[in-house]
Every structure is written in structure tokens, then in C-alpha cells.
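Colleague: Below are the C-alpha cells for one structure; questions will follow.
The values are calculated or read from the model by the stated rules, or taken from the named source; none is laboratory data. These numbers come from a predicted model, not from an experiment. In this analysis, Cβ positions are derived from the backbone assuming ideal geometry, glycine residues included, and neighbour counts consider all displayed protein chains. The protein model used for the area step is the full one, side chains on, heavy atoms only, and it has no ligands, DNA or RNA in it. Shrake-Rupley method; radii C 1.70, N 1.55, O 1.52, S 1.80 Å.
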Amino acid sequence: MSAWLRLSPEMIYPLLDWFIPPALKAERAMHQRARVFLVSHFFGPFLGHTITVYLYWLDPHPGYGLWVLAAAITVYWAFPWLLKRTGAFTALALISVANLVFVILWGCYHYGGVSSPFVAWLVVVPLLAFLYLGPALVPRLLVLGMIAVGVSIFYLFFAAGHSFPERVPLHSLSGIGIVSTISAAIYVSMMALYYASIVANQSELEREVRNHRATAIKLREAKEEAENANLAKSEFLAKMSHELRTPLNAVIGYSEMLLEDAEIEGSDAQAVEDLGKINSSGKHLLSLITDVLDLSKIEAGKMELFNERFDVNGLTDDLAATARPLCARNGNELIIERASALGEAVGDVTKLRQAVLNLLSNAAKFTKGGRIIMSVAREPARNGDWLRIAVRDTGIGIARENLRKLFQNFSQAEAWTSSKYGGTGLGLALTQKLCRLMGGDVTVESELGRGSCFTIRLPASLADTAQRRDEVDSVAEPAQADGASRRDVVLVIDDDPSVLDLMQRILMKEGFRPVLGDDPRKVLALARAVKPTAIVLDVLMPGMNGWEVLRALKADLELEAVPVVMLTIVDDRRTGLALGAVEHLVKPVDRDVLMRVLDRICPRGKTDHLAEPATAKPMVANA
């Protein structure tokens with residue numbers, strides 16, 4: 001009994017849908033009307049034949065009238081197959097209604113006339129028109145026209161005095177009248193209940209749709225709030241970066257100058273040590289700021305790659321030179337292993353250098369009196385060569401259960417390592433994200449107490465997205481103006497006096513002749529006057545930003561060949577290089593990096609600098 005109570009119209013949907021062509025299923029309302037059509041044509045003939053069976057029992061001599069009536073009712077079982085075969089739903093629905101009108105009037109003519117038990121079925125016809133044909137006006141008018149024409153013909157026969165055949169006495173039809181009325185009532189009730197089920201399901205569906213729409217609106221509002229919060233976070237980080245980098249530029253720059261002077265003058269060892277701590281603390285704070293900003297950019301999908309051709313051997317030498325002092329602090333030996341044919345690669349060398357240096361810095365931090373081995377190799381593959389850079393150490397190692405959380409933001413292998421060795425847990429997370437951004441990945445193998453090995457694998461060529469530039473040496477020939485004293489003139493444009501002061505001291509110590517300017521609107525006139533070998537340019541300046549100055553320089557026939565180095569807190573390397581800069585450095589810049597760039601674009605004559613170091617005084621052109 002409980003199984004019968006659980007029956008629902010949905011249980012026969014698979015059967016009904018088998019007869020419905022895909023074109024009718026595409027529209028939900030048409031799909032539901034087709035289901036109603038099939039239900040009525042499956043079960044309707046059973047109810048109709050209760051009447052024909054009863055008539056066969058009453059009629060002593062059943063003739064063609066009964067057989068035509070039975071055939072017209074039986075033909076309804078063919079309609080589901082015709083629907084599956086043709087898909088002509090509207091035409092079949094109109095034919096079905098026309099056949100029902102014929103069955104009713106044929107039955108009335110042969111069995112009882114106007115008193116026939118078939119008359120009750122006339123109320124079913126408009127109901128079927130409503131269920132089958134939907135709200136369309138023309139099909140409904142056609143159905144009403146069929147009823148009107150059939151009834152009119154029937155009435156004309158009656159009015160003209162034609163007698164109806166009396167196959168069964170009228171008094172004997174009272175029983176079949178009851179059966180017919182009950183069958184019509186059952187049929188109407190069945191169709192009404194089924195339609196009510198459809199309406200209920202549709203109402204439930206509409207409620208679900210409304211709920212989904214409300215949920216979608218809430219999700220959209222939450223997304224907008226998250227985007228606004230992310231934008232606010234980005235703006236906050238950008239502003240804080242500016243506010244922190246500006247004083248850090250002075251802290252790192254001046255501490256380097258004081259440390260260098262103290263070492264030359266043989267100052268007190270304690271003072272030299274204190275200056276070194278100030279300098280290293282400033283660089284550590286700078287690295288934290290850089291890591292946080294880079295992670296924020298990657299997570300926001302705003303980190304861009306600038307792919308360029310670079311020499312892998314040159315990158316290896318640069319990494320070794322930078323990492324050797326880090327390794328020496330803990331008494332470690334840095335060993336470089338490289339394959340014989342590394343060749344050139346195309347990719348974002350700045351981000352690759354950053355990722356490898358993170359690994360080397362970690363290895364130097366967690367290893368004392370041991371060895372750190374960096375191996376660089378080029379691996380051929382069917383889809384192009386790959387670079388493999390592995391950093392192995394003999395440090396403290398990592399427990400196997402801690403490896404899975406190693407690359408999470410702000411996560412470290414052990415809680416106690418932060419207090420003993422320092423660090424925030426951002427380096428490895430950033431390294432992994434940078435490697436994946438460049439189309440590769442980083443993996444780790446480690447054994448507690450024996451050391452670790454981190455391996456970076458990247459495609460060696462991203463030529464489809466690379467922005468290749470000509471070698472800067474070919475376009476950066478030193479400008480010869482008025483003698484050897486102008487050969488190494490570097491024009492520095494920045495609105496920050498501390499930056500100008502630091503650049504003046506650094507450039508003079510390296511044998512350049514700095515020319516300083518703080519008004520970006522006078523750069524062209526100043527550059528034409530001093531004819532610099534190179535220009536160092538800031539971006540964020542009042543009156544005229546550095547991008548506009550760079551465009552103006554590259555549009556000037558006299559100055560377009562002068563190499564321009566962007567030195568700014570704006571980390572937008574792509575824009576700078578696209579506008580014609582030969583390099584883009586972010587403040588506070590490492591002194592060695594700046595010198596390598598300047599040496600590359602304006603090679604210095606060492607004899608000239610040694611001959612007259614005292615005369616290399618700056619030319620100041622402040623507005």
C-alpha cells in the first residue's frame with residue numbers, strides 16, 4: 001500500500017519522453033503539453049472502450065455504427081507513435097480533437113440522439129484544446145469551429161426531421177449513461193490532476209528559480225564586495241609600498257655609503273658592524289614588502305610576464321655572485337654545477353632570478369658550515385627544451401609530514417624555525433606561484449637532518465609571447481659632445497632630493513659624472529645641453545610623469561638614441577620597455593644591479609677615471 005502512495009506522475013516521465021522528439025523537449029512549455037497529450041492518448045481509449053464494450057453487450061445486432069465507433073477510439077493509440085515519427089505536435093493535436101468531436105457526434109447519432117450518453121463528452125473537448133494547444137489563439141478558434149460545425153450538422157439533421165436509428169431502446173441506455181458520465185468525469189479528473197501536478201511542479205521550479213536568482217544576486221553582491229575589498233587592499237599595498245620604499249631607499253643607500261666609507265677609513269669595527277646590521281635590516285624589510293606585493297599581484301591575476309632572450313650562463317654567474325655572500329655568512333661553500341651547453345633561453349629572467357634566489361637564500365639560512373650546490377641543466381623534450389635548476393643543501397632538512405604545507409602562504413615546516421632562523425614563510429609560496437606563472441613548477445625532496453633539494457623546471461623558450469629587443473649595446477653608443485669629460489655623463493631625473501643625493505654619490509664613486517634634475521618638464525632642454533651617455537628616470541613626479549618624459553625623449557631625433565633606465569617604485573616593467581627604456585629597475589635599487597646595467601649600456605674607460613677622480617664633480621641643474 002505504501003508503494004502505491006508513493007506513486008507520482010514523475011514515474012512515467014521516462015516512458016512519455018521516449019515518444020517526444022528532441023525539438024519539442026527544447027521548449028519547456030511545449031514539452032509539458034506533449035506529456036499531457038501522450039497521457040490522454042495512452043489512458044483515454046481505455047475509458048472510451050468501457051462504453052463500446054457496454055454497447056456491444058446491449059446491442060443485439062451490433063453493426064457498422066459500433067465498429068466505426070470502436071475503431072475511432074482505438075486509433076488514439078497510434079497518436080504517440082505518429083508524434084515520435086513526425087514531431088508535428090500541433091497538427092496531431094488538432095486531428096485528435098477533430099476525431100473526438102466525430103466520436104461524440106457519431107455515438108450520439110447511433111445511440112440516443114440528443115439524449116445520448118455521449119453528449120457529456122462534449123465538455124472534454126475545450127479542456128483538451130486548453131491542455132494540448134496552450135495559449136495560442138488560432139488553434140483554440142479552430143477547435144471551437146470544429147465543435148460548432150459538428151453540432152450544427154447534427155442539429156440540422158435533427159431539425160430536418162431525420163430520425164435517428166434506434167439500435168438500443170432509449171430506456172436501456174440509462175445504465176450506459178451513468179458509465180459514460182463516470183468515464184468522462186474520471187477522464188476530466190485524471191487530466192485535471194495531472195495538469196495540477198504539472199502546475200505544482202512548475203510553481204516549485206519557479207520558486208527554485210527565484211531562490212537561485214536571489215542567491216545569484218547575493219553572490220554577485222558578495223563578488224562585488226570582494227572585488228572592492230581586493231581593490232582597496234591593492235590600493236593600500238601600493239600606497240604603503242610607496243611610503244615604505246621611499247624611506248627605505250634612503251636607509252639602504254646611505255647605510256651602504258657609510259659602510260663603504262667606514263671600511264675604507266678603517267673605522268671602529270663595532271660601527272662597521274652596526275652599519276651592516278642597518279643595511280641588512282633595510283634590505284630584509286624591502287624583501288618582505290616585495291614578496292607581499294608580488295603575492296598580492298599573482299592572487300589578483302595582475303602579475304605580468306615580460307619574456308626576453310637571455311644567456312643562461314650569464315644568469316648562472318649572476319646568481320652565484322649574488323648568493324655567495326649569503327652562503328658565506330653561515331660558513332657555507334657554494335658550488336656551481338652546470339651543463340656544457342646551456343645556451344640561451346626566452347622567458348622572464350627577472351622573475352626566474354627572484355625564484356632561484358629565494359631557494360638559495362633559504363638554503364643559506366638553514367645550513368651552517370655545509371655545502372650548497374646549485375646545478376643548472378638544459379633538458380631536451382619533444383615539445384621543446386626545459387631548464388632545470390636544482391638547489392641542494394646539507395642543512396637541517398624537512399620532515400616528510402611537513403612537505404605538503406611547505407608552499408602555503410605564511411607557512412613554515414616547523415613552528416620553531418621562525419623564531420630560530422627568522423622568515424615569514426612567503427618565499428617558497430612565492431617561488432611556486434612564480435614558477436607556475438612561467439609555465440613550470442618547483443618540487444622538493446628532503447630528509448630530516450640530511451638536507452633538502454628544491455628543483456625548478458621551466459620551459460626554455462616562450463618565443464610565442466616573448467618581446468625580443470635588440471642588444472642595447474648596439475643602440476647605446478656613448479654620445480661624444482665636447483671632450484672626454486662628457487663621455488660618462490649620466491642624467492638623473494627625480495623629484496626626491498634624497499634619491500638625487502644618493503645617485504650623485506654612487507655615480508661619482510663609480511667614475512660617472514652625474515647631472516641632477518628635479519623638474520621633468522625641463523628634461524629635453526637639459527639633455528640637449530649636457531648630451532648624456534645615459535638617463536636615469538623616475539615615473540611619479542609632479543607636473544609631468546616619467547612615461548610622458550620617456551615618450552618625449554624617444555620622439556626627439558637628437559635624443560632618441562640615448563639609453564633610458566627607469567628607476568621608480570612603479571613596478572610596471574612592461575610599460576617602460578614598451579615605451580623604449582632599455583631597463584626598468586624598482587626602488588630601492590641594488591647598487592650592484594644599477595652598476596651592471598650602466599656598465600652594459602655605457603662602458604667606461606678605466607684609465608680616464610683613474611687619472612682624474614677628483615675632477616669628476618656633478619653638474620646640478622635643479623629647477
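Colleague: Two decimals, Cα atoms only, Kirkwood Rh: what is Rg/Rh over region 274-366? Display every interim value, and only then the final one.
Modeller: Numbers: Rg = 15.3 Å, Rh = 15.2 Å.
In region 274-366, Rg relative to Rh is 1.01.
Colleague: Right, another one. Go through 297/509; 351/554; 277/351; 297/405 and tell me which ones have a Cα-Cα distance over 32 Å in this structure.
Modeller: Values: 297/509 37 Å; 351/554 27 Å; 277/351 27 Å; 297/405 22 Å.
Beyond 32 Å between Cα atoms: 297/509.
Colleague: So how much slack lies between residue 18 and residue 313, counting 0.36 nm per residue of separation and subtracting their Cα-Cα distance, in nm? Walk me through the intermediate numbers first.
Modeller: Working: separation 295, 0.36 × 295 = 106.20 nm, distance 6.88 nm.
Fully extending the segment from residue 18 to residue 313 adds 99.3 nm.
Colleague: Follow-up question, since we're still on this one. Mind checking which aspartates and glutamates have their Cα closer than 16 Å to the Cα of residue 368? Skip sequence neighbours fewer than 8 apart in that chain.
Modeller: 333, 393
Colleague: On to the next question. Classify region 1-101 as rounded, prolate or oblate from the Cα gyration tensor: take a ≥ b ≥ c as the square roots of its eigenvalues, call it rounded if a/c is under 1.5, otherwise prolate when a/b beats b/c and oblate if not. Walk me through the numbers on the way to the answer.
Modeller: Working: a/c = 3.34, a/b = 1.48, b/c = 2.26.
It is oblate, given that a/c is not under 1.5 and a/b is not larger than b/c.
Colleague: A further question follows. I want to check the label-to-label distance for residue 246 and residue 560. Put each point 7 Å from Cα in the C-beta direction and report it in nm to one decimal.
Modeller: With each label point 7 Å from Cα toward Cβ, the separation is 3.6 nm.
Colleague: Kindly provide the trypsin sites (Lys or Arg not before Pro) of region 424-453 that DSSP labels as loop, not H, G, I, E or B, and whose Cβ sees at most 11 other Cβ atoms within 10 Å. Walk me through the intermediate numbers first.
Modeller: On the way: sites: 433, 436, 450; in loops: 450.
Filter output for region 424-453: 450.
Colleague: State the percentage of accessible surface on region 521-566 attributable to carbon and sulfur atoms; use a 1.4 Å probe and exclude ligands, DNA and RNA.
Modeller: Working: 1110 of 1910 Å².
Exposed carbon and sulfur together represent 58 percent of the surface.
Colleague: Within 10 Å, count the other beta carbons around each residue, average over each peptide in 439-446, 453-460, and list them highest first. Please list the in-between numbers first.
Modeller: Numbers: 439-446: 16.8, 453-460: 20.6.
Final packing ranking: 453-460, 439-446.
Colleague: May I ask you to derive the relative contact order of region 14-74, considering only C-alpha pairs under 8 Å and at least 6 residues apart, and to give it as an integer percent?
Modeller: On the way: 22 pairs, mean separation 16.1, N = 61.
It rounds to 26 percent for region 14-74.
Colleague: Turning to a different aspect of this structure: If the cut-off is 15 Å between C-alpha atoms, which aspartates and glutamates fall inside it for residue 531, apart from same-chain ones fewer than 8 positions away?
Modeller: 477, 482, 488, 556, 558, 560
Colleague: With labels modelled as points extended 7 Å from the Cα through the Cβ direction, what inter-label distance (nm, one decimal) is found for residue 339 paired with residue 25?
Modeller: Rounded to a tenth, the inter-label distance reads 5.4 nm.
Colleague: Provide the gained length on full extension for the span residue 204 to residue 64, in nm with one decimal, where the gain is 0.36 nm per separating residue minus the Cα-Cα distance. Spell out each step's value before the answer.
Modeller: Values: separation 140, 0.36 × 140 = 50.40 nm, distance 4.98 nm.
Additional length available on full extension: 45.4 nm.
Colleague: What's the FRET efficiency of residue 265 with residue 321 using the Cβ-Cβ distance as r and R₀ = 35 Å, to the nearest 0.05? Don't skip to the answer; put the middle values down first.
Modeller: On the way: r = 26 Å, r/R0 = 0.75.
With R0 = 35 Å, the Cβ-Cβ based efficiency is 0.85.
Colleague: Another question about this same structure. Please compute the modelled spin-label separation between residue 136 and residue 99, points set 7 Å along Cα→Cβ, answer in nm with one decimal.
Modeller: Rounded to a tenth, the inter-label distance reads 1.9 nm.
Colleague: To make sure I understand the rule: partners must be aspartates and glutamates, Cα under 14 Å from the Cα of residue 84, and not fewer than 8 residues away in the same chain. Which ones qualify?
Modeller: Output for residue 84: 17.
Colleague: Given the Cα-Cα distance of residue 149 and residue 281 and 0.36 nm per residue of separation, how much length would full extension add, in nm? Could the numbers behind the result be given before it?
Modeller: Values: separation 132, 0.36 × 132 = 47.52 nm, distance 10.09 nm.
Difference between extended and current length: 37.4 nm.
Colleague: Here's a follow-up. In terms of the Cα gyration tensor, with a ≥ b ≥ c the square roots of its eigenvalues, is region 229-331 rounded because a/c is under 1.5, prolate because a/b exceeds b/c, or oblate? Walk me through the intermediate numbers first.
Modeller: Details: a/c = 2.78, a/b = 1.42, b/c = 1.95.
Oblate shape, in that a/c is at least 1.5 and b/c is the bigger or equal ratio.
Colleague: Shifting gears a bit: Tell me, what is the FRET efficiency for residue 212 and residue 572 to the nearest 0.05, using R0 = 45 angstrom and their Cβ-Cβ distance as r?
Modeller: Values: r = 41 Å, r/R0 = 0.92.
Efficiency, rounded to the nearest 0.05: 0.65.
Colleague: I've got another one for you. Cα convex hull of region 520-582: mean projected area in nm², to one decimal? Before the final figure, lay out each step's value.
Modeller: On the way: hull surface 15.2 nm².
Projected over every direction and averaged, the Cα hull of region 520-582 covers 3.8 nm².
Colleague: Peptides 38-47, 53-62: what's the order by average Cβ count within 10 Å, highest mean first? Mind dumping the intermediate values first?
Modeller: Values: 38-47: 19.2, 53-62: 14.2.
Top to bottom by mean Cβ count within 10 Å: 38-47, 53-62.
Colleague: Then there's this: Which FRET efficiency value, to the nearest 0.05, do you get for residue 90 and residue 43 by plugging their Cβ-Cβ distance into 1/(1 + (r/R0)^6) with R0 = 22 Å? Working shown, then result.
Modeller: Working: r = 22 Å, r/R0 = 0.99.
With R0 = 22 Å, the Cβ-Cβ based efficiency is 0.50.
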